[in-house]
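Derivation of every value follows stated rules applied to the coordinates shown; laboratory data play no part. None of the values given here were measured: they were computed from a predicted structure. Every residue, glycine among them, receives a Cβ derived from its backbone with ideal geometry; neighbour counts consider all protein chains shown.
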Amino acid sequence: MVAQIRSSLGFGARLALGAVLLGFATLGAPAHAASDLAKECTASLEQTRLWIRATDPQAPEDEKATVRAAVEKTNEICTAAREASPKDGKVLVDAAYALFAMGDTPAGVKLIEKAAEAGHPPAMVMTARYMGVGDHLEKDSEGAWMMLIQTLKSDHPSSRIQAALEFLPGGVGPESPKRTRKVLKEMIDAGNGEAMVTYAMKVLGLQKAEAGSDEAKEGIALLERAATETKDGTALIYLSLLHNQGTMVERSEAKAKEYAQAAIDVGINRAYATMGQIHQNQGDYEAAFKWFKQGAEAGDGFSQAMLGFLYSGGFGVDEDLDKAVEWWTKGRWNGDRLAASYLQVHREGQQAKAEWEKKHAEDAKAKADKAAEEKAKKSE
């Protein structure tokens, strides 16, 4: 019956109906079991994404097999979660990503579309993008526009921001930078730090803005506001990097360290590496080592990559290639591509060394055999 009702309605009406149906609990597994499955699906998906992200094309086959097994297990878990909570938008999206990892894009897109119909804002933005460019779904510019408008009316801040950006040039909404600015400024006025950072970086184009320009000044002011008022981790990291570089703002190692420390204080493990880079740029490798080690021990993949680099070259610490490989391996499984790259370069170096040693041994043996043969001939 529900399917018949849905088929007789337009997409916008189906979204509204989906939101109503979302309020009815489905029979089956107990609520706590469904909730546990949803959490397990999310956790497994996050880990698997990191593993996929840092899997080098030239990685050993056993590593690839481990990742494939993780992908299959994640899909099993997320399928069970979806069956236990067939109306939960987030579960549907997680299950879709699990299918994407399996290579089943059509089935994943169907789940995204289903979550959008149920009124899940992140899925609505994704579906609007599919419809807007005709990717995986039939091109429907008007339908994409309507869905973005509905998302802008939701109470999901991150999705509202993403929907607003689709009205900038290159987005799937009708080009309207004025609408983007209006939505983001309303959120900024309400104290949303993510909107402040997004406006600075995406609307004002801070990364490409000319130093001293109005755009640069406004962008920096927004980052400072986000850092001060909301303790936004992204803003704190950006400001630390900007002060360390000295392009958009005055170069100040003191301020760079201050912002990095503030990011650490609010739990941003990546900021340990930022602090390490500041000291590394100063040539203080011993201090850099201490910060990278703290970040590595806290589980930050980039810190682990950089710690391995310091060990590999004996920068600020005694050279220890075994420890370098150990930290690169940890960083690789924490999803850091730099760690994976260092690890692959090490593997290739080891392989080249083994091949050289093998050839050297073969050449030495051939030379010895020839010498023995010549000696034998002379003795005859």
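Cross-link check: pairs Lys110/Lys153; Lys178/Lys217; Lys182/Lys202; Lys153/Lys185; Lys290/Lys323 evaluated at a Cα-Cα cut-off of 18 Å; pairs beyond the cut-off: Lys110/Lys153; Lys178/Lys217. Which lysines have a Cα less than 25 Å from the Cα of Lys367, not counting those fewer than 8 places away in the same chain? Here the lysines satisfying the reach criterion relative to Lys367 are Lys353, Lys358, Lys359, Lys375, Lys377, Lys378. Axis of helix 253-265 versus longest Cα principal axis of the chain: the two differ by about 70°, to the nearest ten degrees. Let me check I've understood the local charge: for Pro174, count other residues with C-beta under 12 angstrom from its C-beta, Lys and Arg +1, Asp and Glu -1. What total comes out? Cβ neighbours under 12 Å give a net charge of -1. Ala43 versus Gln350, label points 7 Å from Cα toward the beta carbon: distance in nm? Reported label-point gap for Ala43 and Gln350 is 3.1 nm. With the Kirkwood sum run over all distinct C-alpha pairs, the stretch 235-380 has a hydrodynamic radius of 17.6 Å.
Given a cut-off of under 8 Å on Cα pairs at least six residues apart, what relative contact order in percent is computed for the chain?
Taking the mean separation of contacting Cα pairs over the length of the chain, I get 10 percent.
Expressed per residue, the C-alpha convex hull volume of the chain stands at 221 Å³.
Seen against the Cα atoms of the chain and their longest principal axis, helix 105-117 is set at about 30 degrees.
Write down the Å³ per residue value for the convex hull defined by the alpha carbon atoms of the stretch 284-368. It would help to have the intermediate numbers written out before the result.
Numbers: hull volume 7.3 nm³, N = 85.
Expressed per residue, the convex hull around the Cα atoms of the stretch 284-368 is 85 Å³.
Sparse packing (at most 13 other Cβ atoms within 10 Å of the Cβ) combined with a DSSP loop state is found for the following trypsin sites (Lys or Arg not before Pro) in the stretch 140-225: Lys153, Lys208.
Each of the peptides 52-58, 290-296, 336-342, 266-272 was scored by the mean count of other Cβ atoms within 10 Å over its residues; in descending order, highest first, they stand as 290-296, 336-342, 266-272, 52-58. Identify the residues of the stretch 111-127 with backbone N under 20 Å of a label point that sits 7 angstrom from the Cα of Ser176 along the Cα-to-Cβ direction, or state none. Inside the label zone: 121-122, 124-127. In percent, rounded to a whole number, the relative contact order of the stretch 32-126 is 26, using alpha-carbon pairs under 8 Å and six or more apart. D by Stokes-Einstein for the stretch 94-151, Kirkwood Rh over Cα pairs, 20 °C, 1.002 mPa s: 193 µm²/s. Dividing the summed -39500 (n - 2.57) terms of all DSSP H runs of n ≥ 4 by the residue count of the chain sets its mean residue ellipticity at 222 nm at -24000 deg cm²/dmol. Computed from Cα atoms, the angle from the helix 214-229 axis to the main principal axis of the chain rounds to 90 degrees.
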